[in-house]
Amino acid sequence: MLLNREESRDRWRIRPDGKDKVTGALSYLTDRSFPGMLHGRVLRSGYPHATILSIDISKAKELSGVHAVLTHEDVPGLNAFGIADPNQPVFCDKLVRYEGDALAAVAAETPTIAEEALGLIEVEYEVLPVIDTPEKALGPDSVPLHPEGNILHETDYRRGDVAEGFKGCVVIVEETYETPRQMHTYLETEGGVFVPEEDGRLTVYAPTQHGYKDRMQLSRILAMPEETIRIISSPIGGSFGGKDELNVQPYGALLSLSSKQPVKIHYSRWESVIAGLKRHPMKVTMKTGADESGKILAHQVTILSDTGAYATLGGAVLNFATEHAIGPYAMAHVEVKGKAVYTNNGVSGEFRGFGGNQVIFALEGQMERLGQKLQIDPWELRKRNLRKRDDLGPLGQRMVPTDGPTQVWEGIQASPIWKEKDQTGENMEPWIKHGVGVAMTMHGSGLGYGIPDPAGGKMRLNEQGKIEVAFGHEEFGQGLVGTLEMLLQDHFQCDKGDMEIIIGDTDRVPSSGSSTASRTTNMVWQALNNMKEPFLKALFKKASLLTGIDAVKFQTGPGGIWLRGESGDFPERPVITYQELAQQGLEDLEFSTEFHYPVTPDPIMGAHYLYTSTAVVAKVEVNLLTGMVKILGLDHSVAAGPVINPMGYLGQIEGGGIMALGFTTMEDAVMVNGHYATKNMDSYLIPTIFDVPETQYVDAIEQLPEGDPFGPRGVGEVGTVAVAPAIVSAIYDATGKWVTKLPVSPEELQSSVEELPMMWKGW
Amino acid sequence: MLEKNNLTVLEEGIDVPLSFRLNGKEINLQVPPSRRLIDILREDLQLTGTKIGCEIGRCGACMVLINGEAFNSCLTMAFQCHEKEVITIEGIEEDKLDFIQQAFLEEGGFQCGYCTPGMIISLKAVMLEKENPSISQLKEGLAGNLCRCTGYGGIHRVLNRLVSDR
Ligand code: FES
Ligand code: FES
């Protein structure tokens, strides 16, 4: 279906959290305050690489209004964090590995006093040479930044024999592609409030994409049992992967426990830039060869990923990149080698698309180049290489059958922009050029083989007579709550007022795994399916006992249980209301489910089982005088199973598309010698309303292969992954120049001085 | 305020009386004249509908109306509000939703919602200034408002709605 309001009809619904968002009534976690609340600040090294000789906090402690000053000596448990590998110190003790490294934290009565106290902390450093590129880090005389050296993780995937494969090729293209250090730029910076409770527990109000994981990490740091920590983690002012890892939490928690008062920390944008995660900059070299029919015979890839100072999810991101460097294409001889390398740069980590965006830019560039060299339409060339429904996955793993790649390959051709693909010569000034480009890919969801990826939920009738569901998932804007509301209405035909949805509070929700990796929609859909039958059975049984009516005659509806056949116009009232049922006791009306995200049976680390597909067509305008690129159109065809919530789905693709437009044309958190040069939103630019096409046509292909039991897939990431290569191909179409380094540099696209007079003449 | 010794007062950050109308109510405070309006709103008065995203006037999350015009409250100091009429997102409409707010709801003009109060204020300012603004005038009004979630798709739908519904 074409996703828009008209086509969606009654499924285009106002979000349940909408009213509070448009009136400003919604209290984000960084908006909250508590009586006696102190303000926390973190001291950052400012040096990308240095040995710490001494830290003196005595003066800061004496400042009036200061309630706590903490360093590494004050961490009761593990002085480190990291989702996959906890190797980032909460507070550095001996060595500083990037300019955002924390040395101390202060809680004071006002932000100004806290800031002043930071200035009174005296640290002596011995500054060390900065390792600011992966190449330097791998060099022979580079010092190891971590005990294991400078390589966080390596991948090496092979099948067939690439050397042999290349021998049979009539054409081989080889290119190196580079991608930027993109910043998530959630509008709400990291922050939260930390409240020590009277019973000795700690309540954390701070955004994350996985409350239970934060609880586990904090329990390790604080040496407190997990049950004594409560994480309240939604609503969130944007995350995109960036708030999945701990950020303010260790500092806020330690300061509040030490001062025995609530402590708030809310990063300034500059602190968010310096301390926050970014997308891994990658250098991807691909050598790809094909026979004269365009059939790819050999594909050889190296990936060099700058993971920055600490691990977080750098290893998993590299695994994902390795898998997606092969993509939806069937190729006999493949070799992909990747390295994620430590440097003294800012920490790279999880970011929407998870390593896919970088390698797909490269892979799709290869497809275009091969097509040109062979004089085969590159889109046709892709078709000749596309995987079939039941083929093995990119890493040779069994995966859920999908026609997605073929569906989107065809689907995108319905876009109005596609139709302009071969048109040229609009009436324009000679230095204005238009071009159209296309790209496609397949994107894995879930965490992949070998990584625990549990899911679960709870359903019950609660004391107020509402159908209550609870999930350990988060609302960062994607529309989870709206999707849940729609699914519940589909299941129970009840009113909005008959349900209660609980998320984002570890005291009230079960563990459901993370809200990442495009997994949430699919997991809540499965969980509700699992719980619905037993819940209804129990509900009807109870209603039958209370009313004496045979349970087979029942169905749920607005306000309560109705007699079958009465639905549609619901003549009078339910035979028994949910409240009446609740008043008669709630025992036996509570259900839960626990299961695992579907995973491939083949033991290949990180390999994915469920895939979605996307194709993107972009139309650009390039001004050869300035080199500036304007994106005139960006349309998508997405195959991700049935659409539950069209407004949410459309929003994810539109928003993901523009985030990727930024990645392609303007965004880069520039680092110079280990220091961020882009300190705020005046120098780190993200797209404004003037940089984007007014409408993106999004065609959602809902049809799944027959018998597919997995239902709707998540679409949180797939809208971002194939945009860059489509735009770059459109730029080539317009200018004849191949961009290999993102973001696109206008200087590269400007016509040379010699070319300009020709243009004027032509005009 | 600030008639005599303006400089001394500013430099030393001495509290001075500040009075302005905020969402229709008279407010009297004692604050340093250079205290930022955003801090007065979010911290002193606990009106957190006005958001904070960059503190340098680039993101627009902090927009408020001062005498009907949109201003970045992160760049506005207390003395600049003296005896003015300030309206924040909380004061846009009392009982029912403003039709700009309604359009955001119906068109999916937001996701995380953090940019939304600022967007609505900026559009309100255009609406107050022009009776029948065009799409491009409305868009111009959002030149200083960033949204990271929506890609502006839903916001474009809002603009179309505002023009067609008038
Ligand atoms: S906080 Fe004022 S413009 Fe960003
Ligand atoms: S809705 Fe999240 S920034 Fe606009």
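Computed from the coordinates by the stated procedures, all read-outs in this text should not be read as laboratory data. Bear in mind that the values here come from a model prediction, so they are computed numbers and not experimental data. No Cβ is skipped: glycine too gets one built from the backbone with ideal geometry, and neighbour counts run over all protein chains shown.
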For segment A:454-596, the convex hull over Cα atoms projects on average to an area in nm² of 8.5
Using θ = phi - 60° and the Karplus curve 6.51 cos²θ - 1.76 cosθ + 1.60, what whole-Hz ³J(HN,Hα) does each residue of segment B:124-132 get, with Gly and Pro shown as x?
4, 4, 5, 4, 6, 7, 10, 6, 10
I need the Kirkwood Rh of segment B:2-91: take the reciprocal of the average 1/r across all distinct C-alpha pairs and report it in angstrom.
13.1
Hey, could you grab the Kirkwood Rh for segment A:1-100? Inverse mean 1/r over distinct alpha carbon pairs, Å, one decimal.
18.8
Computed over segment B:46-166, the Cα gyration tensor eigenvalues, each multiplied by 5 and square-rooted, give semi-axes in Å (largest first) of 22, 16, 13
Among A:628-634, A:493-499, the order from most to least packed when residues are scored by Cβ within 10 Å on average
A:628-634, A:493-499
Would you calculate the convex hull of the Cα atoms in segment A:260-330 and tell me its volume per residue in Å³?
146
Cα-based helix-to-principal-axis angle, B:153-164 vs chain B, degrees rounded to 10:
80
Amide H to amide H under 5 Å from residue A:38: which residues, 5+ apart in sequence or cross-chain, H placed 1.01 Å off N in plane?
A:263, A:264
Treating segment A:518-597 as a set of equal point scatterers at the Cα positions, no solvent, please give the Debye-formula log₁₀ I(q)/I(0) at q = 0.13, 0.24 Å⁻¹.
-0.48, -1.09
Please express the Cα-Cα pair-distance distribution P(r) of segment B:99-164 as a list of whole percents, one per 10 Å bin, running from 0 to the bin with the greatest distance.
24, 63, 13, 0
Helical contribution to [θ] at 222 nm, DSSP H n ≥ 4, -39,500 (n - 2.57), averaged over chain A, rounded to 500:
-8000 deg cm²/dmol
How big is segment A:390-455 on each of its three principal axes, counting only the C-alpha atoms and giving the largest first in Å?
57, 23, 23
With T = 4 °C, eta = 1.567 mPa s and Kirkwood Rh from C-alpha pairs, the Stokes-Einstein D of segment A:287-428 in µm²/s is about 77
Among A:282, A:110, A:144, which residue has its Cα positioned farthest towards the positive end of the charge dipole of chain A, with +1 placed on the Cβ of Lys and Arg, -1 on the Cβ of Asp and Glu, and the dipole taken about the Cα centre?
A:282
Mind checking the dipole of segment B:99-164: about its Cα centre, +1 per Lys or Arg Cβ, -1 per Asp or Glu Cβ, Debye to the nearest 20?
120
P(r) for segment A:335-395: what percent of alpha-carbon pairs falls in each 5 Å bin, starting at zero?
4, 12, 16, 19, 20, 13, 8, 6, 3
Additional length obtainable on full extension of the chain from residue A:429 to residue A:596, 0.36 nm per residue less Cα span
54.3 nm
Provide a whole-number value for the mean count of partner chain Cβ atoms within 10 Å of the Cβ atoms in peptide A:681-690.
6
Using all alpha carbons of the protein assembly as shown, what is the percent of pairwise distances in each 20 Å bin, ordered from the shortest bin to the longest?
14, 45, 34, 7, 0
Would you please give the residues with an amide H less than 5 Å from that of residue A:49, counting only those at least 5 places away or on a separate chain, with H modeled from the backbone geometry?
A:128
Please name whichever of B:101, B:122, B:82 sits farthest to the positive end of the charge dipole of segment B:34-155, dipole taken about the Cα centre and charges placed at Cβ: Lys and Arg +1, Asp and Glu -1.
B:122
The size of the Cβ-based charge dipole (Lys, Arg +1; Asp, Glu -1) of the protein assembly as shown about the Cα centre, to the nearest 20 debye, is 1100
